[in-house]
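Engineer: Got a structure for you, written out below as structure tokens; questions coming shortly.
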Number of protein chains: 2
Amino acid sequence: MSWIDIPAGSPFTPDNLPLGVFRHGDEEPRVGAAIGDQIIDLAPVASAQMLDGAQLFAEPTLNAFLALGRPAWRATRSWLLELVRNANDRDTVEPHLIPQSAVTMLLPFEVADYVDFYASEQHATNLGRLFRPDSEPLLPNWKHLPVGYHGRAGTIVASGTDIVRPSGQRKPPDAAVPVFGPSQRLDIEVELGYVVGTPSTLGKPVSVDDFEDHVYGVVLVNDWSARDLQAWEYVPLGPFLGKSFATSISPWVVSLDALAASAVPLPTQDPPVLPYLAGSALVNYDITFEVYLNGHLVSSPPYRDIYWSPAQMLAHMTVNGATLRTGDLYASGTISGPEKTQRGSFIELTWAGREPLVVAGKEHTFLEDGDQVTITAWAQSPDGTRLGLGEVTGRILPA
Amino acid sequence: MSWIDIPAGSPFTPDNLPLGVFRHGDEEPRVGAAIGDQIIDLAPVASAQMLDGAQLFAEPTLNAFLALGRPAWRATRSWLLELVRNANDRDTVEPHLIPQSAVTMLLPFEVADYVDFYASEQHATNLGRLFRPDSEPLLPNWKHLPVGYHGRAGTIVASGTDIVRPSGQRKPPDAAVPVFGPSQRLDIEVELGYVVGTPSTLGKPVSVDDFEDHVYGVVLVNDWSARDLQAWEYVPLGPFLGKSFATSISPWVVSLDALAASAVPLPTQDPPVLPYLAGSALVNYDITFEVYLNGHLVSSPPYRDIYWSPAQMLAHMTVNGATLRTGDLYASGTISGPEKTQRGSFIELTWAGREPLVVAGKEHTFLEDGDQVTITAWAQSPDGTRLGLGEVTGRILPA
């Protein structure tokens, strides 16, 4: 498949070729493609081959490349596939392979707006049971529209960034007034994030059919959450400080074209959705996540059965005429499967702390100082091939 | 006060000198200061006087200037005051005065994150009564923290931008399922927006005492709202499409230094706030807004008695360690006074449409296609002088 030596089990196969931004020593940050345990330094290779737009790979973010739109994305993918498959390109490319271990990966793109959805039925049901135990867990709107809200774009951070435990107000159930201090219920949310490349026009909704024209690809998202802050603040205007302290994303943006072999049909939606959310070509992706706490696997959330497809989230987000901008990120919301070992947050995994997990002989509920959470994910194809999305990781520092 | 001729009643007195971005003919957009009915074209004046950083006024947004921080803001204000007061500067400045009628005003800065608060007790009480008639109108958290949420930064538009009536889901009270179509309850929200200049560091809260080091000034905000979309979508994650189609801001950013003469003490806060929200220097501003529907005055919301001060909103927004970025905008939320003629939205002015306003002999509830809303505001000082914030305007186009 490739003249490049790829270690067995690498997420970055010759069909994957995700893009990211790296810093090598004290050189300027620029764009690379991952293959095996190496990076193709794209700017010099593209220059050597006199590729149109080669200078975009010398930029410190992917935004200019993302803004080019789908025809350019596909042309770039064809070029990359050729580079790694065709031994004739070896002399050009090989001098510009850099070991991943020799670089620091940065935030791959400058985030414009960040929207977080709530698209997993199992997660929404679990949270409904925990936050509103006396009511129906799914609210009346949940199956009619992909519920979502805006998060803080300015605190989306690169994988590996330390997460300082947030402080804030929380109200213990038996207290008359709130208290202030470090969050005692610090949690993760395992999500898939969609990266918008092509902008849209104010007042013009984007159809479900135009999903692949606007969205370049995906990243892994860990939407760190302080459940005690969130519970006290979120009525009536939604989550705010319980989420806005940090959201970590993975460094490698995997293209929808690379993911295409893992597309699966949507589950049946009942009640039927309104026409602007309907389409015969709607898909999800067959991706399995893995969550590691201090190196130990604690959950394996499955993405394929999530209720709302990414094309529906996109169409909903713009149906009121809201524009898309290059660099917009919208995330699925926490991914939870029906099994206890498939839940995508510790509040679900430990049922609000009442059922601790035992990890390496020690009980865990919410995150403690020093804990490190790493999330990985793999996309499966019907022919059995797999493609990795890399990882997003972060460690908790004391308040 | 100035060698420049200033029409009586102009909002842009020689003490005001707000900054904005204008386009003059087919020249590049750049930064100007408003005085009377003219604009000082700052780039050539600053160049002629060999001012440090003169090139920042040739940029198409204020962001680079905003990033300089408070010492530079104050130095710039001193320079501007001198320019308009000192007749010796007349020969330098006069060739670079442009009539405001000859330019198009653009968005003054690129918005980073947009946060909308809910800081008016009267407004929160009114909305609580309308949205949750069977409960206490103020929720338990409201007097303990400034409730807020993130809005969509990418749909903040310049004053004068037409507003296309948004479509979306709404659920009529007697319907079993939602219907789709143009909003039938399109509304305004009259707000004051604070413009952040100086960024902060991830994990480091900004104290109430550092408000003036981070916030450069204010703009008028009209946070257009589709009440029917909002009512159906907003539980549990807050407003989303009911707000994200457009938010209009005024073109002239009035500095905190210009507003300082209008500072007033905060009303008493009871219950007492937590220490991170407390401070002896907390102020509000004595600003009166005016709302015009198709040219007729329909409301005069007063800002001075708003419950939460802007320094408290800033400290709350960052107490969890969230960063500020240059270009962040945070708004007060709808400003409503105790009188019916002081309410800052049509849902309040017409009590959810049940008590229509009669404007020029015609009944009005929510906004109709073709309606134009213009909001102005004036800051008062104890000595009786006034300073205007300009206006924000927009007209409704059909869906």
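The values are calculated or read from the model by the stated rules, or taken from the named source; none is laboratory data. Quick caveat: nothing in here was measured; it's all calculated off a predicted structure. Heads up, the Cβs are rebuilt from the backbone with ideal geometry, glycines too, and the neighbour counts pull from every protein chain shown.
Engineer: Considering (1) surrounded by fewer than 17 Cβ atoms within 10 Å (Cβ to Cβ); (2) farther than 22 Å from A:ALA399 by Cα; (3) not polar (S, T, N, Q), say which one A:PHE131 fails and leave the rest.
Structural biologist: Result: A:PHE131 passes all but (1).
Engineer: Next question, about the same structure. Read through the list (1) assigned to a loop (DSSP other than H, G, I, E, B); (2) in contact with a Gly (Cβ under 9 Å, 6 or more places away or on another chain); (3) in contact (Cβ under 8 Å) with a residue 60 or more places away in the chain, then give the number of the only condition that B:VAL221 fails.
Structural biologist: (1)
Engineer: Do we have any residue at all in the range A:350-358 that's at pLDDT 95 or above, touching a Pro at 6+ places or on another chain (Cβ under 8 Å) and assigned by TED's automatic domain parsing to the domain that holds A:ALA119?
Structural biologist: Checked the range A:350-358: at least one residue is at pLDDT 95 or above, touching a Pro at 6+ places or on another chain (Cβ under 8 Å) and assigned by TED's automatic domain parsing to the domain that holds A:ALA119.
Engineer: Is it true that some residue in the range A:163-170 is at the interface with another protein chain (Cβ under 9 Å from one of its Cβ atoms), under 25 Å from A:LEU66 (Cα atoms) and surrounded by 21 or more Cβ atoms within 10 Å (Cβ to Cβ)?
Structural biologist: There is no residue in the range A:163-170 that is at the interface with another protein chain (Cβ under 9 Å from one of its Cβ atoms), under 25 Å from A:LEU66 (Cα atoms) and surrounded by 21 or more Cβ atoms within 10 Å (Cβ to Cβ).
Engineer: A further question follows. Would you mind stating whether B:LEU277 is among the hydrophobic types (A, V, I, L, M, F, W, C), assigned by TED's automatic domain parsing to the domain that holds B:GLY361 and within 25 Å of B:THR198 (Cβ to Cβ)? Write out each step before concluding.
Structural biologist: On the way: among the hydrophobic types (A, V, I, L, M, F, W, C): yes; assigned by TED's automatic domain parsing to the domain that holds B:GLY361: yes; within 25 Å of B:THR198 (Cβ to Cβ): yes.
In short, yes.
Engineer: Any idea which residue in the range B:112-128 is farthest from A:MET313 (Cα to Cα), counting only those that are surrounded by fewer than 24 Cβ atoms within 10 Å (Cβ to Cβ) and among the aliphatic types (A, V, I, L, M)?
Structural biologist: The residue in question is B:ALA124.
Engineer: Anything in the range A:151-162 that is out of contact with any helix residue (DSSP H, G or I) (no Cβ under 8 Å at 6 or more places or on another chain) and either within 11 Å of chain B (Cβ to nearest Cβ) or not in a loop (DSSP other than H, G, I, E, B) (or both)? List them, or say none.
Structural biologist: Within the range A:151-162, A:GLY154, A:ILE156, A:VAL157, A:ALA158, A:THR161, A:ASP162 meet the criteria.
Engineer: Of B:LEU80, B:LEU66, B:LEU62, which residue is more than 22 Å from the chain's Cα centre (by Cα), of a type in the set (A, V, I, L, M, F, W, C) and modelled with pLDDT of 95 or more?
Structural biologist: None of the others qualify; the one that does is B:LEU80.
Engineer: Now for a separate question. Consider B:ASP134 carefully, then state whether it is modelled with pLDDT under 95, over 19 Å from B:ASP223 (Cα atoms) and more than 21 Å from the chain's Cα centre (by Cα).
Structural biologist: yes
Engineer: Continuing with the same structure: What number goes with the only condition from (1) without any contact (Cβ under 8 Å) to a residue 60 or more places away in the chain; (2) over 29 Å from B:TYR118 (Cβ atoms); (3) touching a Gly at 6+ places or on another chain (Cβ under 9 Å) that A:SER255 does not pass?
Structural biologist: Condition not satisfied by A:SER255: (1).
Engineer: Continuing with this model, one more query. Say whether the condition of being more than 11 Å from every other protein chain (Cβ to nearest Cβ), over 13 Å from the mean Cα position of the chain (by Cα) and farther than 21 Å from B:THR161 by Cβ is met by at least one residue in the range B:231-245.
Structural biologist: No, because not a single residue in the range B:231-245 is more than 11 Å from every other protein chain (Cβ to nearest Cβ), over 13 Å from the mean Cα position of the chain (by Cα) and farther than 21 Å from B:THR161 by Cβ.
Engineer: Let me spell it out: the conditions are (1) more than 26 Å from A:ALA176 (Cβ to Cβ); (2) modelled with pLDDT of 95 or more; (3) surrounded by fewer than 19 Cβ atoms within 10 Å (Cβ to Cβ), and B:PRO272 meets all of them except one. Which number is the exception?
Structural biologist: (1)
Engineer: Here is a follow-up. Would you confirm whether or not the range A:49-59 contains a residue that is farther than 30 Å from B:SER244 by Cβ, part of a helix (DSSP H, G or I) and of a type in the set (S, T, N, Q)?
Structural biologist: yes
Engineer: Sticking with this one: Being under 23 Å from B:VAL157 (Cβ atoms), assigned to a loop (DSSP other than H, G, I, E, B) and touching a strand residue (DSSP E or B) at 6+ places or on another chain (Cβ under 9 Å) is true for just one of B:PRO267, B:PRO239. Which residue is that?
Structural biologist: Residue meeting the stated conditions: B:PRO239.
Engineer: Within the range A:176-194, restricting attention to residues that are assigned to a loop (DSSP other than H, G, I, E, B) and away from every other protein chain (no Cβ under 11 Å), which residue is surrounded by the most Cβ atoms within 10 Å (Cβ to Cβ)?
Structural biologist: A:ILE188
Engineer: So, of the residues in the range A:271-299 that are out of contact with any helix residue (DSSP H, G or I) (no Cβ under 8 Å at 6 or more places or on another chain) and within 14 Å of chain B (Cβ to nearest Cβ), which turns out to be farthest from A:VAL358 (Cα to Cα)?
Structural biologist: A:PRO275
Engineer: I want to confirm something. Restricting to the range B:104-139 and keeping residues that are in contact with a Leu (Cβ under 7 Å, 6 or more places away or on another chain) and in a loop (DSSP other than H, G, I, E, B), which single residue is nearest to the other protein chains (Cβ to nearest Cβ)?
Structural biologist: Only one residue tops the list, namely B:TYR118.
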